[in-house]
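Notes to accompany the following structure.
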Amino acid sequence: SLEDQRKESEQFKFQPLISILMPVYKIDLSLLEMAVDSVKDQSYPKWQLCIADDKSDDPKLKAYLNKISQEDQRINVVFRKENGGIAEATNSAFDLAKGEYIGLLDDDDELAPNALFEVVKVLNEDPEAEIIYSDEDKLNSDGYRVVAHFKPDYAPDYLFNSNYICHFLVFKKSLIKDNEKFLNKEYDGAQDYDLILRLVERTEKIFHIPKVLYHWRIIPGSTSETVEHKNYAVENGKKALYAAMERRGLSGKVIVTGPDARYYVEYDVQKPEQKVSIIIPTKDNPEMIKRCVTSIVEKTFYPNYEIIVVNNNSSEEETFKVFEELKNEVPNLTVLDLPIPFNYSKINNIAAKEASGDIYLFLNDDTEVLTEGWLYKMVGYAQQPWIGAVGAKLLYPDKTVQHAGVVVGLFGIAGHVFSRIPGTEYGYFNRLQAVCDYTAVTAACLMIQKDKFWRVGGFDEEMTVAFNDVDLCCKLFTDGYYNIYTPFVELIHYESVTRGYETTASRILRFEKEKGKMRSRWSHFLGNDPMYNPNLTLNTGNFEVKLD
């Protein structure tokens, strides 16, 4: 209960003052009252509410602001002499802030009564936390809570798609440099996005509270309703992204995509282009391997790549005929004979050691490339120092989703998200059409730099068939790399045509053994994948809310 929280607050070893900034301009007074009341109702008492009125010229509003600041010394108000817009008004509120931590609240939104308590609880558990954000939902015109956004932990590539961190954001005041403007007017409409992009560059102590602590009101004309109302905000968000890329030494172009105007960063490939080794294991699948290789040759403009077809115990005459054909037609293709018992991990590890590329692309023979320039798009990401594995959007032949990222713990061990929904849909908060960080991606099409692959020991050869890709990605994630899914590279995946399903007794036994290995090694991810959210179910892959 809130009363219990008040008592617990008194016992906190660390009780910081949190200054909440609220710019106010020509607001419906009843909405502002609800916003202010939501601060006054906090179960944690050490807060300061800093309100800057942006020259509203409304006597009733002025009287209300004077009244609340006189009634509660924790409320401080400044009346600006000129209208400066949201960024300048927030800066005036920032100038009033005395707290060690800063929180942001819009004048028509509401905080959950436990918002500050949960933040300070994190600060007591980990006093080094410098940025803390929570999940959020929206309040419709009838005051009902709708559209909950259950977010992942810090996901740098998803943040480049949109400001998913948004509300409720609390951060250490000292992250703002003495001589800099708190918010930049040139990014009005996307001023918070610019702020967050700057803040995350200054600390790695970023914490996410998987609870809805902020209620964002949907009112006609606000960006919470639709982005179409604020085209300038989209352009300014793009500008903020370019500025962040420049600060970080990243080159590429920012593209606005989708009906809700999200961003896609297409990174420039470093010159000269690193060699990519495309590794494709196969066994007696002549039509498939031919279609796969043909699609690569047709869709690849990247100048520096090789194809290694790994022949694992083929015996059919037609297969060898196709191998000869391909070697004659594709000068950068070799066939590596590997007559060992089938072990997916071992086959790929041996082929990777034989490969001459600086970047590996592990590819199933039952795939077909659809996207022109696909290698450029994937290499642009794989070359970034913080990125481990890069996965693509894989579609079944009927164009429904086969792979768009993997959640660890889904269906028990690991599962694909958005499985079997049309590949053109947007998915939960646009995730199907956005570059997203996931703890894992499938190795049916997985790109990774050679040194990162071997740094974590390659594929685990004890995992002969299942979960070796998830295990590799978990090792990368634990080592500090982010694994990403990009929807801007599409392939058809004629899944499990090659090896069949887990039906025989020996296969089922092996599958159970590999599941056991995943359980013992990655138990801390199984119920709490950091790129997912504990409020979402592990029984389906569509980001549905968990019903206890």
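The values are calculated or read from the model by the stated rules, or taken from the named source; none is laboratory data. Just so we're clear, the structure is a prediction, and the values are computed from it rather than from any experiment. Here the Cβ is made from the backbone with ideal geometry for all residues, glycine too, and neighbour counts use every protein chain on show. For accessibility, only protein heavy atoms count, side chains too; no ligands or nucleic acids. Shrake-Rupley method; radii C 1.70, N 1.55, O 1.52, S 1.80 Å.
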Worksheet, complete the sentence: Out of (1) crowded, with 22+ Cβ neighbours inside 10 Å; (2) in a loop (DSSP other than H, G, I, E, B), the one residue 142 does not meet is (1)
Worksheet entry | One residue from 130, 136, 100 being in contact with a Pro (Cβ under 8 Å, 6 or more places away or on another chain) and not aromatic (Phe, Trp, Tyr) | 100
Item to complete: Identify, from the list 300, 294, 282, 257, the residue that is of a type in the set (Val, Ile, Thr), surrounded by 15 or more Cβ atoms within 10 Å (Cβ to Cβ), within 24 Å of residue 486 (Cα to Cα) and over 31 Å from the mean Cα position of the chain (by Cα).
Response: 294
Discussion item. Every residue in segment 378-421 that is within 17 Å of the chain's Cα centre (by Cα) and of a type in the set (Phe, Trp, Tyr), please.
Written reply: 381, 386, 418
Item to complete: Give me the pairs, please: first residue somewhere in segment 461-480 and at positive phi and at pLDDT below 95, second residue anywhere and open to solvent by less than 10 Å² (accessible area, probe 1.4 Å) and in a loop (DSSP other than H, G, I, E, B), beta-carbon distance under 7 Å, and either six or more positions apart or on two chains.
Response: 467/413
Practice prompt. Select from segment 121-139 the residues that are under 21 Å from the mean Cα position of the chain (by Cα) and assigned to a loop (DSSP other than H, G, I, E, B) and list them in ascending order.
Written response: 129, 130
Worksheet entry | strands (runs of 3 or more DSSP E) (entirely within segment 1-120) containing at least 2 residues that are touching a residue at least 60 places away in the same chain (Cβ under 8 Å), in contact with a Cys (Cβ under 8 Å, 6 or more places away or on another chain) and under 25 Å from residue 219 (Cα atoms) | 18-24
Discussion item. Going by what's in this entry, would residue 177 be described as charged (D, E, K, R) and in contact (Cβ under 8 Å) with a residue 40 or more places away in the chain?
Written reply: no
Worksheet entry | Filter result for residue 457 (assigned to a strand (DSSP E or B), surrounded by fewer than 20 Cβ atoms within 10 Å (Cβ to Cβ) and more than 16 Å from the chain's Cα centre (by Cα)) | no
Practice prompt. Pick out the one residue from 56, 38, 9, 1 that is more than 25 Å from residue 182 (Cβ to Cβ) and surrounded by 14 or more Cβ atoms within 10 Å (Cβ to Cβ).
Written response: 9
Worksheet item: Hey, does segment 85-97 have a residue that's at pLDDT below 95, of a type outside the set (D, E, K, R), in contact with a helix residue (DSSP H, G or I) (Cβ under 9 Å, 6 or more places away or on another chain) and open to solvent by 10 Å² or more (accessible area, probe 1.4 Å)?
Response: yes
Worksheet item: Looking at segment 309-325, which of its residues are in contact with a Lys or Arg (Cβ under 7 Å, 6 or more places away or on another chain) and open to solvent by 10 Å² or more (accessible area, probe 1.4 Å)?
Response: 313, 314
Worksheet item: Residues in segment 130-143: is at least one of a type in the set (A, V, I, L, M, F, W, C) and without any contact (Cβ under 8 Å) to a residue 60 or more places away in the chain?
Response: no
Discussion item. Go through segment 246-272 and report how many residues are of a type in the set (D, E, K, R) and more than 19 Å from residue 198 (Cβ to Cβ).
Written reply: 6
Worksheet, complete the sentence: Filtering segment 379-404 down to residues that are open to solvent by less than 10 Å² (accessible area, probe 1.4 Å) and either part of a strand (DSSP E or B) or within 20 Å of residue 345 (Cα to Cα) (or both) yields 387, 388, 389, 390, 391, 392, 393, 394, 395, 401, 402, 403
Worksheet, complete the sentence: Within segment 510-548, residues in contact (Cβ under 8 Å) with a residue 12 or more places away in the chain and not in a loop (DSSP other than H, G, I, E, B) come out as 510, 511, 514, 515, 517, 518, 519, 521, 525, 526, 536, 545
Worksheet item: Of all residues in segment 152-192, which are modelled with pLDDT of 95 or more, touching a Ser or Thr at 6+ places or on another chain (Cβ under 8 Å) and farther than 17 Å from residue 244 by Cβ?
Response: 172, 173
Fill in: Test result for residue 306, on the phi < 0 side of the Ramachandran plot, exposed (fewer than 15 other Cβ atoms within 10 Å of the Cβ) and touching a residue at least 12 places away in the same chain (Cβ under 8 Å)
no
Worksheet item: Using beta carbons and a limit of 8 Å, which pairs, at least six apart or on different chains, have the first residue in segment 280-293 and more than 14 Å from residue 325 (Cβ to Cβ) and of a type outside the set (S, T, N, Q) and the second one open to solvent by 20 Å² or more (accessible area, probe 1.4 Å) and assigned to a helix (DSSP H, G or I)?
Response: 281/344
Discussion item. Every residue in segment 415-449 that is in a strand (DSSP E or B), open to solvent by 10 Å² or more (accessible area, probe 1.4 Å) and either touching a Pro at 6+ places or on another chain (Cβ under 7 Å) or under 16 Å from residue 476 (Cα atoms) (or both), please.
Written reply: 449
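Conditions tested, residue by residue: (1) within 27 Å of residue 251 (Cβ to Cβ); (2) part of a helix (DSSP H, G or I).
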residue: 328; (1), (2): no, yes
residue: 334; (1), (2): no, no
residue: 339; (1), (2): no, no
residue: 342; (1), (2): no, no
residue: 348; (1), (2): no, yes
residue: 351; (1), (2): no, yes
residue: 372; (1), (2): yes, no
residue: 377; (1), (2): yes, yes
